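A short worksheet on the structure shown next.
Just so it is clear, none of the values below were taken in a lab; they were calculated from the coordinates. Quick caveat, the model's predicted, so the values are computed rather than measured. Reconstructed Cβ throughout: ideal geometry from the backbone, glycine too, with neighbour counts over all protein chains shown.
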């Protein structure tokens with residue numbers, strides 16, 4: 001049974017199973033992936049998985065093949081990298097696959113290329129470039145990358161607006177669009193804007209998208225759903241239609257604008273913040289209950305859920321919670337639901353009512369240095385909700401009721417202690433093996449120190465941030481640079497996103513981008529130094545740098561005339577707090593009607609152009625737009 005949602009409108013590597021409805025089992029089937037971004041199911045049952053760093057992985061008979069099918073040289077900063085994969089409809093005969101990736105070349109533009117797969121490897125030299133998309137800005141976000149063949153045999157490609165909202169409405173760029181091309185890269189002449197455009201822009205099939213992370217075709221009806229990541233208000237599911245305009249940046253969520261296709265479903269930021277994978281549950285082998293037939297499953301990266309859009313009522317229902325960063329969803333030939341987690345795992349959800357509890361992953365023995373945290377993880381499957389309880393030498397640990405247990409600051413007295421986990425459902429229970437904790441009192445954990453940036457340091461966009469650090473170890477002395485690594489995370493609100501990784505260095509620099517899709521003030525960068533001693537014991541330390549903020553005032557001399565900031569109308573007078581240096585777009589309407597009187601733009605108080613980009617000021621700034629009444633002719 002599904003329950004409708006009323007009023008629907010710390011980055012940690014883990015691969016634990018989510019909570020699913022009674023009768024379903026969530027099972028981890030693949031581990032060990034590195035930042036997976038997309039999955040494609042081949043006709044012969046193999047799975048292709050793209051890793052953001054450029055590797056194409058193959059899963060065969062449920063096992064991850066250790067050697068990649070191929071590795072592309074990509075720019076994987078931010079959300080760039082190897083982002084999309086799909087197979088040719090005639091794959092069984094020609095072995096063709098299609099990849100969407102960001103090359104390291106300059107100038108940068110995302111590429112769509114066709115490759116030939118022979119066995120479990122890409123044929124060397126088989127790349128056939130099909131499209132080179134428009135040159136990217138310094139923003140590393142909103143690339144899109146999803147690709148699927150439609151029922152018409154054409155290749156559809158989702159492209160984000162590269163953090164430049166106004167591009168989504170322009171027919172002179174492919175940013176913020178759904179594209180449609182032939183298998184050989186040529187452009188169908190029946191595309192809706194073919195006669196209005198030239199060159200690559202003739203591939204535009206629909207416009208007004210912000211970051212269409214994924215989309216899916218119903219396998220029999222051909223209906224298309226597009227998942228578009230929202231900005232400040234709503235995540236959207238849109239129905240694909242030739243020539244459609246989905247409204248971004250002028251609208252987000254439900255709209256009555258006659259020129260805009262309103263989403264079939266949307267939800268606010270109190271529910272989720274990053275809609276990702278989506279798939280229709282339909283096929284020849286449907287194992288889920290009949291009530292799910294033809295429904296649309298979709299995930300949210302930030303909120304960690306999978307929900308269902310009912311195909312008959314267009315209502316949204318909960319399905320799975322506690323999902324770790326779902327990226328892509330697929331339906332397997334046997335009717336199982338497959339979802340890929342950015343944490344590095346692939347999960348299969350199957351329907352097996354009254355299935356007994358089964359221990360999928362046993363807890364491993366753990367060795368830590370004195371004072372280090374000890375982490376134990378296990379995994380179980382079974383019918384319905386699984387409840388967990390950890391035990392220490394057979395005694396229940398209060399509050400340890402999840403699949404992972406962390407013993408903080410191991411003491412010498414903890415050496416030799418054994419930990420086990422009991423997993424139970426309403427009808428069954430199983431207990432794992434006992435995992436032994438070895439506390440090494442002869443080896444101390446390394447102590448890392450971040451020297452720069454200093455505590456309390458603040459940044460402005462466009463700034464180059466230098467980081468330096470070191471680590472000492474009681475046994476090894478000062479650790480070498482090769483024993484140090486760094487991770488930089490971009491934090492927006494409560495969401496941490498990978499930004500850069502540096503290995504084997506004691507210092508380095510990274511640049512804060514000026515162009516970013518997240519323009520609110522609650523941002524920061526988290527810099528983490530990880531030190532590893534000669535015995536493999538690791539310790540980390542982090543430092544957060546916050547932004548410098550200023551206020552931009554926007555007003556007009558005629559009450560009621562809005563000013564657009566990043567494509568969004570601001571009711572004037574408005575005061576906007578932002579990160580200094582971030583590039584923003586400002587536009588005053590050329591004319592506007594107030595109380596049946598038309599006013600025309602005259603000037604801004606700083607004599608700047610009516611429509612422009614500007615770097616958010618380093619000091620508070622007030623901009624006043626002056627209008628005069630248009631005299632009737």
Given R₀ = 30 Å, what would the calculated FRET efficiency be for residue 449 paired with residue 408, taking r from the Cβ atoms and rounding to 0.05? 0.90
With r as the distance between the Cβ atoms of residue 63 and residue 91 and R0 = 22 Å, compute the FRET efficiency 1/(1 + (r/R0)^6) and round to 0.05. 0.60
Can you tell me how much longer the chain between residue 551 and residue 441 gets when fully stretched, taken as 0.36 nm per residue apart minus their C-alpha distance, in nm with one decimal? 34.2 nm
Largest first and in whole Å, what are the equivalent-ellipsoid semi-axes of region 168-315 based on the Cα gyration tensor, each being the root of 5 times an eigenvalue? 27, 20, 13
Relative contact order [Cα under 8 Å, 6+ residues apart], region 445-547, whole percent: 36
Extension gain (nm, one decimal) between residue 475 and residue 186, 0.36 nm per residue minus Cα-Cα: 97.7 nm
In the set (i) 1.03; (ii) 1.13; (iii) 1.37, which value of Cα Rg over 2.2 N^0.38 Å was calculated from the structure you see? (i)
Taking the alpha-carbon centre of each part, the distance from region 102-121 to region 163-228 in Å is 20
In units of 2.2 N^0.38 Å, what is the alpha-carbon radius of gyration of region 235-294? 1.41
Alpha-carbon centroids, region 45-98 and region 513-548: separation in whole Å: 29
For the pair residue 318 and residue 535, what calculated FRET efficiency results from E = 1/(1 + (r/R0)^6), where r is the Cβ-Cβ distance and R0 = 45 Å, to the nearest 0.05? 0.50
Obtain the nm distance between the two label points defined at residue 591 and residue 196 by a simple spin-label model: each point lies 7 Å from its Cα along the Cα-to-C-beta direction. 2.2
Peptide ranges 20-26, 326-332, 387-393 listed from the most packed, as the mean C-beta count within 10 angstrom indicates: 326-332, 20-26, 387-393
What does the helix-only formula give at 222 nm for the chain: each DSSP H stretch with n ≥ 4 adding -39500 (n - 2.57), the total divided by the residues, and the result rounded to the nearest 500 deg cm²/dmol? 0 deg cm²/dmol
Which of the peptides 244-254, 346-356 is most tightly packed, and how do the rest follow, going by the mean number of other Cβ atoms within 10 Å of each residue? 244-254, 346-356
At 7 Å along the Cα-to-beta-carbon direction for both residue 285 and residue 258, put a label point, then send me their distance in nm to one decimal. 5.1
Take 96, 142, 225 and order them by how many other Cβ atoms sit within 10 Å, fewest up front. 96, 225, 142
Sequence-separation-based contact order of region 358-441, relative, with Cα cut under 8 Å and 6+ spacing, percent: 38
Counting each pair of different Cα atoms once, what's the Kirkwood radius of region 549-629 in Å, rounded to one decimal? 12.7
Starting with the fewest neighbours, write out 296, 342 ranked by other beta-carbon atoms found within 10 Å of each beta-carbon. 342, 296
Any chance you could check the Cα centroid distance between region 291-308 and region 407-462 for me, in angstrom? 33
Order by neighbour count: 621, 48, fewest other Cβ atoms within 10 Å first, most last. 621, 48
What relative contact order, as a whole-number percentage, does region 549-629 give when Cα pairs under 8 Å and 6 or more residues apart are counted? 39
